[in-house]
1. Rounded to the nearest 10 Å², what accessible area does Ile360 have for a 1.4 Å probe in the complete protein model?
2. Please turn the phi angles of region 566-575 into ³J(HN,Hα) values with the Karplus equation 6.51 cos²θ - 1.76 cosθ + 1.60 (θ = phi - 60°), one per residue in order, whole Hz, x for glycine and proline.
3. Put Asp338, Asp127, Asp354 in order of accessible area, largest first, 1.4 Å probe: what do you get?
4. Using modelled backbone amide H atoms (1.01 Å from N, in-plane), which distant-in-sequence or interchain residues come within less than 5 Å of Leu126's amide H?
5. Can you list residues from other chains, or at least 5 along the same chain, whose modelled amide H is less than 5 Å from the amide H of Gly170?
6. First check a/c for region 415-456, with a ≥ b ≥ c the square roots of the eigenvalues of its C-alpha gyration tensor; if it is under 1.5, answer rounded, and if not, answer prolate when a/b is larger than b/c or oblate otherwise.
7. Determine the alpha carbon to alpha carbon distance for each of Lys235/Lys534; Lys76/Lys135; Lys135/Lys267; Lys76/Lys428; Lys135/Lys428; Lys135/Lys571 and list only those over 29 Å.
8. Short version: ³J(HN,Hα) in whole Hz for each residue of region 253-270, in order, from phi by Karplus 6.51 cos²θ - 1.76 cosθ + 1.60 (θ = phi - 60°), x for Gly and Pro, what are they?
Amino acid sequence: MTPELSSTSFEAYYRQQFRGVLSDAELTNMFASLCTPLPLVLRVSQRAPLADRALSRLQILLGEEVQAGQLEWVGKRAWQFSLVGRGGTHHQFLQQQQSRGALQRQESASMLPALVLAPESHHAVLDMCAAPGSKSCQLLELMQSGVHASGRKDGPSRGSVRGGSVGMDGGFLIANDASLDRVISLNHRLQSVNVASPRTMVTSLDARWWPSLGNLRFDRVLCDVPCSGDGTMRKRHRNTPEWSAAAAVELHTTQLRILREGMRLLKPGGLLVYSTCSLNPIENEAVVAAALRREMDPSPPDPSPPDPSPPDPSLLGPSPPDPSLTATERGAEFWVEDCRELVAGGLAGLHPVDGLVSWIPPKSDADPDLDPDSLTDPKADPEVNRDLDLKWQTGAGANAAAEGWGQRRSLYPPSEGEIGLLGPALRKCLRLLPHRDDCGGFFVTAIRRAPDGGRGLGDADLGGGDSDLGGGDSDLGGGDADLGGGDADLADEDLRALPLTSAEWREIASFYGIERDPPGVLLWAPNRAVRRQKIYLASEGVARALTRHWQPLARAGGRRLRGRLQGVGAKAFERLKLTNLKNRQSFVCEWRPCQQMIHELIPHSKRSANRPHAPAALRTKRRNSAYPSATPADPAADSADPADPADPADPADPAD
């Protein structure tokens, strides 16, 4: 929810936080820009055949008076228009094109995390807080278009965007969100035409406590965590609350927990991006510093009184790391990388600000106002800070005291002893400011895990995960999955691989002339009622994540997974809903293709070679025309499955 800029406390707060970083004149410009609407920014889909034509049509609707330009740092597929507001014919046109997956409205600053991650087609990717789905859609496009750090490809990549390679590399994306209502909208968006992909899984799990799915680990993790959202004031809505410094303090622990969980889920050598749409260092640099601080001091201080006798040198642990050494040289498990160096082509045209190394912490949880006199390390003098420590404790007992100590310490900037190690890392973080790049306020940082595991967090459940998610193992069947939520047809079903020798697939392959094996793994639930049966196309990676990681834990009684799997792959075929015997006998094939996956199936159909309009070759044909009312719908017009839940969100709203 977006806060209103209606209180002078907001301005006073950030004038103190950014003192010495931004001049008074620049701060004044920033506050003024936050009161202006955002420009219109679009991503042009690489998968939609008519996306370029839709962009041209939009420019005609907007007229010559609206200035348009490409965002250089994003690539040739992102456009920014000087238009503001929602009225006019263009707004309805944008809604239609977004529902078709041709034009994706997304705020420019929120495009940066996916570009920094730069996922490749074989990567296992996790979006921990994915709803409403703009970043997930962008990640899918990058995975399927061959964009990676070695060079950007702004046009479609043959063989990866249009069929034939879905199941070869095994990459997949798990889009997760804790809110079931938001996940339903997320799943609907990821299943729309020109967006749906066999590489996707949609889950509804609490990102703070991700289940151990058989040591499943990820090459890329996006932690776009819940935040106060004070950087999004330019797109504020009515009836939103006033800004409060307490919001950042309340969310700090949740953000830190999600970041640490994301770091745990990284494969050795993997990359994580932490981002917020907040300007507040309590939600940004303080969270990053607290996560990295465990590298140097993984446990809270000993509450017992100090021993006056000199310590035995043989009992002392390793000496603190030398700040003059690089993260790799000192054996660190995690380190921050410069986002500028990770984005292909750099950030030309963008003017980010480096992360802060010092900020003013709040006085206490009961008084979140700034405490300029409390810039010392809270653990430096326990006697002086004892009363303040008690305020931060969340309950009684030793465990609660340790948790309260950790929470309070994490709000503080690096101490003099830590600045040598944490300072360079925090300076590599990036903050986008609205007055510099005509965008919303945004924070991004990239964290790399050491290829050899390093020495840091000591995660006993590291395990490296399944390093061969993209292999050709055909043993993908069986297993029970507690499924439900977004796609009602998945609820409580036994989803398993459909053998290519089955009667169902032979019927489909024979009627549609599919001679080659499908580009991936076919999944279905044979125990489902006949009139509700569907066949899903999934990549090798998705099939393995489901059958080797999710389903075994669900079979073992994993209650946390019950009803939490909302979508797997993309719908490829569905059984026609025939209501009487005459209708059923009039059809040669009872299965019709779903439009979402027609582009993956066309290259495998021999009937498409001689047809000028390939989708027409996949239309269901009847043995006779005695029942005109039973003619099945043309899948080319099936832009959205009527069984799917309606998207409660405005599809043209740049929600993230």
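1. The value for Ile360 is about 20 Å².
2. For region 566-575, the Karplus-derived couplings read 9, x, 9, x, 9, 5, 9, 9, 9, 6 Hz, x marking Gly and Pro.
3. Asp354, Asp338, Asp127
4. Ile174, Arg220, Val221, Leu222
5. It is Glu540, Gly541, by chain and number.
6. It is oblate, given that a/c is not under 1.5 and a/b is not larger than b/c.
7. Those over the limit are Lys235/Lys534.
8. 5, 4, 5, 5, 5, 5, 4, 5, 5, x, 5, 5, 7, 6, 6, x, x, x
The values are calculated or read from the model by the stated rules, or taken from the named source; none is laboratory data. Values in this document were obtained by computation on a predicted structure and should not be read as measured data. Accessible surface is based on the protein model in full, side chains and every heavy atom, while ligands, DNA and RNA are left aside. Shrake-Rupley method; radii C 1.70, N 1.55, O 1.52, S 1.80 Å.
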